[in-house]
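This report refers to the structure that appears directly beneath it.
Read-outs: derived from the displayed coordinates by stated rules, not from any lab. Worth saying up front: this structure is predicted, and the values here are computed from it rather than measured. Glycine gets a Cβ as well: all are built from the backbone with ideal geometry, and neighbour counts include every protein chain shown.
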There are 2 protein chains.
Amino acid sequence: MPVLVVGSVALDSVETPFGKADNVIGGSATFFAASASHLSPVQLVGVVGSDYPVDQLEPLRARGVDLAGLEHAEGRSFRWRGRYRHDLNAAETLETHLGVFSNFEPKIPEQFRSAPFVFLGNIDPRLQLQVLDQVRKPKLVACDTMNFWIESRRPDLIELLKRVDLITLNDGEARQLTEEYNLLKAARWIMNRGPKLVVIKKGEHGAFMFTERTIFFAPAYPLESVFDPTGAGDSFAGGFMGYIARADDLGEQTLRRAVIYGSAMGSFAVERFSVGRLLEIGQRDIADRVREFHRLVSFEQEL
Amino acid sequence: MPVLVVGSVALDSVETPFGKADNVIGGSATFFAASASHLSPVQLVGVVGSDYPVDQLEPLRARGVDLAGLEHAEGRSFRWRGRYRHDLNAAETLETHLGVFSNFEPKIPEQFRSAPFVFLGNIDPRLQLQVLDQVRKPKLVACDTMNFWIESRRPDLIELLKRVDLITLNDGEARQLTEEYNLLKAARWIMNRGPKLVVIKKGEHGAFMFTERTIFFAPAYPLESVFDPTGAGDSFAGGFMGYIARADDLGEQTLRRAVIYGSAMGSFAVERFSVGRLLEIGQRDIADRVREFHRLVSFEQEL
């Protein structure tokens, strides 16, 4: 089952305590696709400028990412430059150039409109709503967002919540959106406004999935060295949605495993700059890491 | 099997966003004993001044805490006054009066010296070493420590590490002690200096247990309202050691369950001021919460 993703396709320049990378491929749709394509076919909608090194997206196409929805516009591509300090928790944005992204209006190709699983990457909620106007009865629609939209597009975001089944956001964003410090209360606030599923990501501290009646928690994989956290959240979303699409099921056990696949893909993403590690791994690596997650948290209950 | 605990028996005055409490019973040995005594007999060694409301320790005695090692000294009891802000993560110490605690020299009663399980609460490492000189071949010795001792008593602490089987400390303390930011590297640094087991507590973000070959992670229980975090770490240690003493076993599965029992007891401790909630709960509450921990993290692997 294919997953449709709409989001940014960018060029990132990143500095971490371990090195720097200039103008490497990035963006929410790129990380999502590199991750999800290990698990299911991906249909990508986004925009790049005339300066984009599209040949670098070739490995994505080769593994089943359909780029028919990638618009090629006149002008410069979306560029982000950021830096991480020693604790790697928060990116410091040094520069953002929207370029062609500032006039982006997502056009979903006819052959993508029946995608059963849809992920609305972190873009203007107005554009996320436009995407929903173009698709036909998906089985699951998930969205991401960020502090900038929570601040500047709150009414649109609240409108969007009514129309999505799941939202992924980080703990800071959840608190900002809901004005609840406690994450259980924040999740309930959100569920009262539409989504039946809320995934709150806490970076190196793992992720919660809230359903109407259950809470599931997955730790982040304890890596000896995190190289570059850029894209971890989108890679998580890719693993999560990719696994659900592969299973074509929305039962509790599938959703729980999806969180684990998301966490696994997020843990790979941070091991190299850009999508380097995501393009390198295979099914074996993913299965191994999922097993390690199981070993990390499992304990036998007494009889 | 009894657990011997040596630590502080204090009077706490605490302010949280939800209320305040003045001169309530607290201290590492008190929280530890209130927690561990649900699971095993406890032998407590500590000191109080002539102003201590010893009758308030009666509920502890009633549930199997042997207070024969509680010294009654002339002078004022150890008092701590602290405050928590909205995020409840870090206590702000407003006042500390050591009182009789400043001349404390732990004397282990003869009938406690063969305790098979020993917990050295967060006191001067020199005193922790004195305790070890008085006990006979325990099966497991665990210790706690804090930033103050890491800074002021490093050589003694390093000496102590050679003589304990397990250390519990929080993530900040682990980083301070080892000068490693990464917790895996920090745990290995510690294990290279003695302890075969390292438990790193991350407060609301859960706890890691590192053994020579495995890593186990337990989340903190997601509570809708955390009332007062004081004593959570000592209650964790009490649940952990109490469970091990009850099981009288040091196998991997027992250790994992011990971390869960520790997390469960920590989650109860923060629901009220002082040991209020710990004295209120029963076996049923504990078993229920352990089951909820299992539900929180469990997922089925695919075949």
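The residue list A:253, A:281, A:238 was ranked by how far each Cα lies along the charge dipole of chain A toward its positive end, using unit charges on Cβ atoms, and A:253 comes out on top. Compute the longest continuous run of chain B that contains no exposed trypsin sites (Lys or Arg not before Pro); treat a site as exposed when its DSSP state is not H, G, I, E or B and it has at most 10 other Cβ atoms within 10 Å. Counting only loop sites that pass the neighbour cut-off, the longest clear stretch is B:1-135.
With its label point defined 7 Å out from Cα along the Cα-to-Cβ axis, residue B:194 lies at 5.7 nm from the matching points of the other copies, in increasing order. My understanding is that a pair violates if its Cα-Cα distance is over 19 Å; which of A:202/B:202; A:162/A:196; A:185/B:201; A:202/B:20; B:139/B:196 do that in this structure? Among A:202/B:202; A:162/A:196; A:185/B:201; A:202/B:20; B:139/B:196, the Cα-Cα distance tops 19 Å for A:185/B:201; A:202/B:20.
Amide H contacts for residue B:207 (H built 1.01 Å from N in the peptide plane; partners 5 or more residues away or on another chain; cut-off under 5 Å): B:202, B:218, B:220. Using the Karplus relation 6.51 cos²θ - 1.76 cosθ + 1.60 with θ = phi - 60°, the per-residue 3J(HN,Hα) values for the range A:42-50 come to 10, 10, 10, 10, x, 9, 10, x, 6 Hz, with x marking Gly and Pro. Mean separation of Cα pairs under 8 Å and 6 or more residues apart, divided by the residue count, gives the range B:67-144 a relative contact order of 26 percent.
Rounded, prolate or oblate, given the Cα gyration tensor of the range B:1-108, with a/c below 1.5 counting as rounded? It is oblate, given that a/c is not under 1.5 and a/b is not larger than b/c. Under the criterion of Cα pairs below 8 Å and six or more residues apart, the relative contact order for the range A:137-186 equals 38 percent.
The distance between label points at residue B:85 and residue B:54 comes to 4.2 nm (points 7 Å beyond Cα on the Cα→Cβ vector).
Beta bridges from DSSP with both residues in the range B:28-97: antiparallel share about 50 percent, rounded to the nearest 5.
Label-point spacing at residue B:139 relative to the other copies reads 5.1 nm, in ascending order, each point sitting 7 Å out from Cα along Cα→Cβ.
Summary value for chain B: 18 percent relative contact order, contacts being C-alpha pairs under 8 angstrom separated by 6+ residues.
For the range A:250-293, the Cβ-based charge dipole about the Cα centre amounts to some 40 debye (Lys, Arg positive; Asp, Glu negative; other atoms uncharged). For the range B:250-257, backbone phi angles converted through the Karplus equation (6.51, -1.76, 1.60; θ = phi - 60°) give residue-by-residue couplings of 10, x, 3, 5, 5, 4, 5, 5 Hz, Gly and Pro being listed as x. Across the identical copies, the 7 Å label point of residue A:163, projected outward along Cα→Cβ, sits 6.9 nm from its counterparts, in ascending order. Free of any GluC sites (Glu not before Pro) that DSSP assigns to a loop and that have at most 13 other C-beta atoms within 10 Å, the longest stretch within chain B is B:75-178. Extending 7 Å from the Cα toward the beta-carbon at both residue A:114 and residue A:163 defines two label points whose distance is 2.2 nm.
Rounded to the nearest 20, the size of the Cβ-charge dipole of the range A:132-245 about its Cα centre is 640 debye, with Lys and Arg at +1 and Asp and Glu at -1. Using only the Cα atoms of the range B:160-213, build the gyration tensor, take square roots of its eigenvalues as a ≥ b ≥ c, and label the shape rounded, prolate or oblate: rounded if a/c is under 1.5, else prolate if a/b is larger than b/c, else oblate. Note, shape of the range B:160-213 comes out prolate.
Within the range A:115-241, antiparallel bridges make up roughly 40 percent of the DSSP beta bridges whose residues both belong there.
Excluding residue B:269 itself, what net charge comes from residues whose Cβ is under 14 Å from its Cβ, given Lys and Arg +1 and Asp and Glu -1? In short, -3.
How would the protein assembly as shown be classified by its alpha-carbon gyration tensor: rounded, prolate or oblate, with rounded meaning a/c under 1.5 and the a/b versus b/c comparison settling the rest? Judged from the Cα gyration tensor, the protein assembly as shown comes out prolate (a/c at least 1.5, a/b above b/c). The loop-placed chymotrypsin sites (Phe, Trp or Tyr not before Pro) in the range B:11-69, going by DSSP, that have at most 14 neighbouring Cβ atoms within 10 Å of their Cβ come out as B:18.
Taking the DSSP bridge list for the range B:65-165 and keeping only pairs wholly inside it, about 60 percent are antiparallel.
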